[in-house]
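To start, the structure under review is shown below, and the notes come after it.
The values are calculated or read from the model by the stated rules, or taken from the named source; none is laboratory data. Nothing here was measured: the structure is a model prediction, and the numbers come from that model. Glycine also receives a Cβ, built like all others from the backbone with ideal geometry; neighbour counts cover every protein chain displayed.
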Amino acid sequence: MIGQQKWIDKAAVGVVGLAVPMLWPLTITAGLGALRQIGLSSQVMNMIDGLVRQQRPDVQTGPAPVNQ
C-alpha cells in the first residue's frame, strides 16, 4: 500500500493531460513518477535489510513466525 494515494493522483493527472492537449506535458511527469514508484517498495525493503544486516550480520531470513 506504499504510495497508493500518489498512484491515484498520477492517474488523475494522466487523464487530465490526455483530455486537454495543452496539458500533455503532465502525462510525461505523471508517467515518470509512476515508473519510479513501481520499485519503491522493493527499494525500501532492501534498505531495511541492509540496515538490519549492518547491526546483526549473523541474522538469517525465513518464513514469518505464526502467532498462536
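Tabulated data for the structure shown
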read-out	value
Every pair of residues 6+ apart whose Cβ atoms lie under 7 Å, when the first sits in the stretch 24-48 and is more than 17 Å from T61 (Cβ to Cβ) while the second is β-branched (V, I, T) and assigned to a helix (DSSP H, G or I)	L26/V13; L26/V16; A30/V13
Selection count, the stretch 32-68, where residues are in a loop (DSSP other than H, G, I, E, B), of a type in the set (A, V, I, L, M) and modelled with pLDDT under 80	1
Qualifying residue in the stretch 11-29 (condition: modelled with pLDDT under 75, not charged (D, E, K, R) and not in a helix (DSSP H, G or I))	yes
